[in-house]
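Bear in mind these aren't lab numbers, they're just calculated from the coordinates by the rules spelled out. Keep in mind that this is a model prediction, so the values were computed, not measured. Cβ sites come from the backbone with ideal geometry, for glycine too, and all protein chains shown count toward neighbours.
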């Protein structure tokens, strides 16, 4: 699987279905999992995932929010770029496009990506998503 550099719903990111490639690019410990980004709620459910019934409306209506349910991080993000490559898969592992702990460096990112998808607005580093840990009873904001 290839690594895609693109503007995500939040910031510039690397997307891939191969988590190992992303671990190598980021020099990240394999004990720290990546966020799984789904095109829509239906894709999320079709992948065998569940959300506590009391939190389903929150997940469906949220924007720029990552959820953690039973130690699995995911986000539902509609694709804003008109790209067949991004539409071909219902989910991707996602991480910010930078070296671990550093800011966006276009040269570094372009050297690591197999495919670059960019529109007329270019690539810009924006704020990361909100992070909520949810269960049947409560939600807790982590970021």
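Worth a mention:
- Rounded, prolate or oblate (a/c below 1.5 giving rounded, otherwise prolate when a/b exceeds b/c) for the range 34-88 by Cα gyration tensor: prolate
- Put in order of Cβ neighbour count within 10 Å, fewest first, the listed residues 11, 6 become 11, 6.
- The rule of thumb for compact globular proteins, 2.2 N^0.38 Å, goes into the C-alpha radius of gyration of the chain 1.03 times.
- Likely footprinting exposure, 133, 120, 42, fewest C-beta neighbours within 10 Å first: 120, 42, 133
- Of all DSSP bridge pairs formed entirely within the range 4-141, close to 65 percent run antiparallel.
- Per-peptide average of other Cβ atoms within 10 Å, ordering 28-36, 92-100 highest first: 92-100, 28-36
- Comparing 39, 55, 84 in a Gaussian network model of the chain (Cα springs below 10 Å), the most mobile by mean-square fluctuation is 84.
- The spacing between the range 17-48 and the range 62-99, judged by their C-alpha centroids, is 8 Å.
- If the segment from residue 47 to residue 142 were pulled out straight at 0.36 nm per residue, it would be longer than the present Cα-Cα gap by 31.7 nm.
- Label-point separation, residue 64 to residue 40 (7 Å along Cα→Cβ), nm: 2.4 nm
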